[in-house]
Structure formats: structure tokens, C-alpha cells
1. Here are some residues: Met184, Met241. Which one is farther than 23 Å from Arg7 by Cβ, in a helix (DSSP H, G or I) and not hydroxyl-bearing (Ser, Thr, Tyr)?
2. Out of Lys128, Lys122, I need the residue that is under 25 Å from Asn229 (Cα atoms), part of a helix (DSSP H, G or I) and assigned by TED's automatic domain parsing to the domain that holds Gly32. Which one?
3. Please find, within segment 237-253, the residue that is surrounded by the most Cβ atoms within 10 Å (Cβ to Cβ) out of those that are in contact with a helix residue (DSSP H, G or I) (Cβ under 9 Å, 6 or more places away or on another chain) and more than 17 Å from Gly16 (Cα to Cα).
4. Given the options Arg168, Arg218, Arg189, Arg158, name the one that is out of contact with any Phe, Trp or Tyr (no Cβ under 7 Å at 6 or more places or on another chain), in contact (Cβ under 8 Å) with a residue 60 or more places away in the chain, among the basic types (Lys, Arg) and surrounded by 15 or more Cβ atoms within 10 Å (Cβ to Cβ).
5. If I ask for residues that are under 23 Å from Asp117 (Cβ atoms), among the small types (Gly, Ala, Ser) and touching a Ser or Thr at 6+ places or on another chain (Cβ under 8 Å), which ones from segment 134-155 would you list?
6. What do you reckon, is Glu163 without any contact (Cβ under 8 Å) to a residue 40 or more places away in the chain and within 16 Å of Tyr132 (Cβ to Cβ)?
7. Looking at Lys179, Lys172, which one is outside the structural domain of Asp117 (by TED's automatic domain parsing), outside any loop (DSSP other than H, G, I, E, B), farther than 30 Å from Arg129 by Cα and over 27 Å from the mean Cα position of the chain (by Cα)?
8. Examine segment 124-145 for a residue that is under 23 Å from Ala277 (Cβ atoms) and without any contact (Cβ under 8 Å) to a residue 40 or more places away in the chain, and state whether such a residue exists.
Amino acid sequence: MPRPTGRFSEQVERVGEWLSACDAVLVGAGAGLSASAGFVYSGPRFEEHFADFQAKYGFRDMYSGGFYPYPTLEEFWAFWSRNSLINRYTDPPKPVYEDLLRLVEDKDYFVLTTNVDHCFQKAGFDKKRLFYTQGDYGLWQCSGPCHRTTYDNESAVRRMVAEQRSMRIPTKCIPYCPKCGRPMTMNLRSDASFVQDEGWYAAAGRYEQFLRRHEGARLLLLELGVGENTPVIIKYPFWRMAAQNPRALYVSVNRGQAWAPLELGRRALCMERDIGAVLTCLRAYVLHQ
């Protein structure tokens, strides 16, 4: 249910006090966090990089482009290599992730995210404190899949982008599985073929250890940019953790989609604001304490 937002300065002060007093911070990050950092999938940024795809195929954002039934693998990889280059191997234009790191780096923190753009590690977050549940633009997998291994793709992606012409990569650049010969595909969760590799399970284990270590503790659940696309991964578990632990505090920051169960009372705070602006103000508040 929607909650009243109150005065922005009062909200910032309240979250700053919670941050200072908590034993640990669990960050739940969705697409809204990267959007605040400048990784927007539609509008001018999409048109700058994919105007030719829009003119030929008709879709109007990068998300839709990822699901388009391209008639050839040369076209499929032309889109995905370009998409991966700008959203995985390019830094976001705004320092939103860096501001978040400055706020939590002195705490025992962990990050649970549905984002696949690797912005946390690029900003300096400890990779052992990150759980990317939905995959990584920087990884490929067998499309079968015939085995549960993923493969780094940076050098191949850069080559695809450099050599593509008229929205097609050279046939020689199409990646195939080294074991069964099927075409490779992106390591992104879209159906049951998604590969959860050894790294995925190791991160899941570290997340479970973090939760066990802080069971019943003063835990700040900091939800940033999480909407209703996959609420069962972050939003609903955060609500459940807050409800089961009377010492836990829940903060949701997301423009137009910040809400919490009324049962959490004053242990929940919702801010329908730009995440970057909130983090900037929080840093200023913490620095002056």
C-alpha cells in the first residue's frame, strides 16, 4: 500500500540515523538504481545507439530488443554485442553506485540484485558481497544448455561491435558451444535454460551466510529501484524479513514505486524520489554527523 512521503529532509535524517545505528545493511537493487545512474533503456540513449534497429525492427527500447526474434544469428549478435558494450563494458555517467558504496563500505553489508550490468563491481564493491541472481551481460552460456559453465565475453563482444555492418556481425564471429556445438546465448534468466554456474551458487551461499549471521540483529533493509517485475526476489523477501525481525528496518527508494506493508509501521520508510538525489543527501547528512 502507498505510504505518505513526508518532508524529504526529515526522511533523509531518519534514514541516516538508521544507517548509523544498524549492525548490518542488506541492499536490494533493481533496475531503477541503474536508471538513476544513467543506464536508461529508452529515449535518447536508446536512439543514440539503436536508431538503425528501431527503424528496421520497430522496437523502441533495449529491453524489447532483447526479446526480438531476429531472423539470423548475425543480427541477434549485432544487437546483443552492442547492448553488452554500452551496458556492461561502459561506466554509467552518474556516480550513483560510488555514492552508495561510500555509505555502506564501513558496515557489514551485502548486495542482492536483479541487475545484470555489473555496475556494483565497476564501482568498487567487494565481489564476495554481491549476488547477481539474474545473470550477467558479461557472460555467455550454451543455449542448450549442455553443461553448467559460463564464459567471459568481453573480447568477443568488442570484436563483434567493431566488425558489424548493417546490423549484422560477420558469420565467423558467431559463438558456438565448445562442447556440443550449439550456438551460445546470453547468460540471462528468461526461461528454464538459464545456467546457474559455480559462481552463482557460491554467491547464493554467501548470501545465506549473511542472513544467518544477522538473524535477529539490527538489520537495515535498503531497497533501491525495485519495482513489480520480479518482486519475489527482493521486495517480498525484504518485507518478510522486516516482519519477522522486530529490530529490522526497511527503506524503499523508487520513483513512483515505493511502498511497504502498513503492518511494519514506523519501521518502514518509503521515498518516491530519484535514488541518486537521495544517496547524495544521505552522504551529506552522514558526513556532517
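The values are calculated or read from the model by the stated rules, or taken from the named source; none is laboratory data. Given the structure is predicted, the values throughout are model-derived calculations rather than measurements. Virtual Cβ from ideal backbone geometry, glycine too; neighbours counted across all protein chains shown.
1. After ruling out the rest, the residue left standing is Met241.
2. Step by step, each of Lys128, Lys122 is checked, and only Lys122 is under 25 Å from Asn229 (Cα atoms), part of a helix (DSSP H, G or I) and assigned by TED's automatic domain parsing to the domain that holds Gly32.
3. The selected residue is Ala242.
4. Selected residue: Arg168, the only one of Arg168, Arg218, Arg189, Arg158 that is out of contact with any Phe, Trp or Tyr (no Cβ under 7 Å at 6 or more places or on another chain), in contact (Cβ under 8 Å) with a residue 60 or more places away in the chain, among the basic types (Lys, Arg) and surrounded by 15 or more Cβ atoms within 10 Å (Cβ to Cβ).
5. Across segment 134-155, the qualifying residues are Gly138, Ser143.
6. When the stated conditions are applied, Glu163 does not pass them.
7. Lys172
8. Yes, segment 124-145 has at least one match.
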